[in-house]
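See structure below.
A short reminder: the numbers here are calculations on the coordinates, not readings from a lab. Please read these numbers as outputs of a predicted model, since none were measured by experiment. Heads up, the Cβs are rebuilt from the backbone with ideal geometry, glycines too, and the neighbour counts pull from every protein chain shown.
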Amino acid sequence: MLKKTPLASAHKKLGAQMVNFGGWLMPVSYTNVIDEHLVTRRKAGLFDICHMGEIKITGTKSQDLVQQLVTRNINGMHIGKVYLSVICNEKGGIIDDLTIYKMAEDEYMLVTNAGTKDKDFKQVLKVKKQMGLSDSAVKVTDISRQMAKLDLQGPNSQLILKKICSADLDSLKFYSFIKTKILNIKAVVSRSGYTGELGYEIYFNSKEAVKVWNKLLSVGNNLGLKPIGLGARDTLRLECGMNLYGHEISEEFYPLQSRYGWVVSFDKEFEGKKALEKIKVKGWEKQLVGIEMVDRGIARNCYQIFKNGQRVGWVTSGTYSPTFKKAIGMAYVDKKYDKMGTKLKIKIRDNLVEAKIVKLPFYKRS
Amino acid sequence: MAKTNPKNLKYTKEHEWVKVEGEIVTMGITDYAQELLTSLVFVELPKVGKKTEQTKTLAVVESVKSVSDVYAPVSGEVIEVNTSLTKKPEIVNEDAFGAGWIAKIIISNSKELDKLMDADSYTKFCQKEEKH
């Protein structure tokens, strides 16, 4: 039985093609991936992200627990800020990438990937136990099912949101959030997203999901707002060189090799630090890079990469870029071949097709 | 809505169409198939001279999210391919039964054509698939 978000029937009414995404019945597309991608870049798109996980951590020791759990230093993090980080196992492998919301002095919300939420939750409890923290000192709650999450992304997103939210969105900075009301419903609105555009991630009670979804679509209609499926969500994030769990990152990889080195703070303690300190000195074999096809063809996930007849890596994500109208991707390659401009061969079916290493991200909002 | 399946063509269960002219067939994918695939962004054409075998992979069509095999509707040899699809794969979306043809094949065994469906049977076949 596939899990459903509160919006599953709304998607079907909109004619969405629904697929199994990590055990969830999700819309992959409503019309076509290219149109949905371009609408998000040029106007605005609304995404059902209710499948993602939210974990609430409260209590006097909540900061200590989060600090030990995540690789990024949260000392000095202000209420109303959002941090992107990863959490690692004791070997330094990535359990998940997630965002941390500092809701109050003693309250944090972790927003996790859908497929990793349960193991993230277990890791939080494991770290709590290791630290000998009592339930009265810190409480960990999985609030994923009560919490709806909608992403409103694109250049028109602010104008659209202003129609149903009176908060001061102009002064809301990137990776910051406010507690506000939307249609008289309590909501957390953060200026962030997974598309590289101006945009918002909106959290509220999942019972109100259909109401907010429909209202946003109707007030956004004349500003070009469209519902967007996971297909375009994937191509949008890939153009921005953003990692996707299960593709660029997993417990098999260290943050240092997957372009997440910047979220690892060696100036504090955290799970996996000892292992990562060793890796930092010793180095790593495979490096995550951006690739672009030189010859005709589209590199896809798991396609093998060769240099001088030797296998030197594989493609983690690859697609046709609707913005640039060419085939792009991300890949792990041997570190000695990770320089910009390096030519490589990608095995596409029976052919070795030329590609080159390029700078990430492919897309940056002007 | 997919376009009506032309009466003068024959169809496979894998959603290819063929137009028979003597010993030569022109083939492509049906409008129903292109609609399911959505905008094509890449077509890998067979080489001219390729020996084909009925139901075996002949070409590959890719959308942003999918990679799909196109199967040979008949056994024989490829004598011409639609090179305009290399630069403009979207022609398949625009005109699947016409300008979006993929290859021409000389048939080696014309009896194989009996295994293909006519337009009415194919239309019913698609309706059935839709219900699944």
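Averaged over B:57-63, how many beta carbons belonging to a partner chain fall within 10 Å of each residue's beta carbon? Numbers along the way, then the final one.
On the way: counts 1, 0, 0, 4, 0, 7, 8.
Other-chain Cβ atoms within 10 Å of each residue's Cβ, averaged: 3.
What does the C-alpha gyration tensor say about the overall shape of the stretch A:53-142? Classify as rounded when a/c is under 1.5, otherwise prolate if a/b is larger than b/c, or oblate.
Numbers: a/c = 1.39, a/b = 1.13, b/c = 1.24.
Judged from the Cα gyration tensor, the stretch A:53-142 comes out rounded (a/c under 1.5).
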Out of every Cα-Cα pair in the protein assembly as shown, what percent are more than 38 Å apart?
35 percent
Any chance you could get the radius of gyration and Dmax over the Cα atoms of the stretch A:1-69, in Å?
17.1, 49
Just to be sure I understand the model, the point goes 7 Å from the Cα along the line to the Cβ. What's the resulting A:Lys356 to A:Ser9 distance in nm?
5.4 nm
Using a Förster radius of 56 Å, what is the FRET efficiency between A:Leu159 and B:Ile79 based on their Cβ-Cβ separation? Nearest 0.05, please.
0.50
Spin-label model distance (nm) - A:Lys278 vs B:Ala99, 7 Å beyond Cα toward Cβ:
6.3 nm
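At 0.692 mPa s and 37 °C, plugging the Kirkwood radius over alpha-carbon pairs of the stretch A:285-358 into Stokes-Einstein gives what diffusion coefficient in µm²/s?
Details: Rh = 11.7 Å.
Here the translational diffusion coefficient equals 281 µm²/s.
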For the stretch B:10-109, the percent of all C-alpha pairs falling in each 5 Å bin, from 0 up to the bin holding the max distance, is 3, 15, 28, 28, 18, 7, 1, 0
Report the calculated FRET efficiency for A:Ser218 and B:Lys7 (r = Cβ-Cβ distance, R0 = 51 Å), to the nearest 0.05.
0.70
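For the protein assembly as shown, what proportion of DSSP beta bridges, expressed in % and rounded to the nearest 5, is antiparallel? Provide the component values of the computation, followed by the final result.
Details: 110 of 116 bridges.
Percent antiparallel among DSSP bridges in the protein assembly as shown is about 95.
Full extension from A:Lys335 to A:Ile79: what is 0.36 nm times the residue separation minus their Cα-Cα distance, to one decimal in nm?
Numbers: separation 256, 0.36 × 256 = 92.16 nm, distance 3.93 nm.
Computed gain between A:Lys335 and A:Ile79 is 88.2 nm.
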Where the centroid of each part is defined by its Cα atoms, how far is the stretch B:75-132 from the stretch A:290-366 in Å?
32 Å
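Which value, in nm² and rounded to one decimal, describes the direction-averaged projected area of the C-alpha convex hull of the stretch A:127-283? Intermediate values should be presented prior to the final figure.
Working: hull surface 49.3 nm².
Answer in nm², one decimal: 12.3.
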In this structure, the FRET efficiency calculated for B:Lys124 and A:Gln146 from their beta-carbon separation, with R0 = 41 Å, to the nearest 0.05, is 0.30
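Tell me, in nm to one decimal, what length is gained between A:Ser136 and A:Lys307 on full extension, where the rule is 0.36 nm per residue of separation less the Cα-Cα distance?
Values: separation 171, 0.36 × 171 = 61.56 nm, distance 5.69 nm.
Value of the extension gain: 55.9 nm.
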Can you bin the stretch B:52-132 into rounded, prolate or oblate? Criterion: square roots of the alpha carbon gyration tensor eigenvalues sorted a ≥ b ≥ c, rounded for a/c under 1.5, prolate for a/b above b/c, oblate for the rest.
oblate
What spacing in nm lies between the two simple spin-label points modelled at A:Lys129 and A:Ile178, each 7 Å away from Cα in the Cβ direction?
4.3 nm
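Per residue of chain A, what 222 nm ellipticity follows from adding -39500 (n - 2.57) for every DSSP H run with n ≥ 4, rounded to the nearest 500? Present the calculation step by step, with values, prior to reporting the outcome.
Numbers: 8 runs with 76 residues, N = 366.
The helix-only estimate for chain A comes to -6000 deg cm²/dmol at 222 nm.
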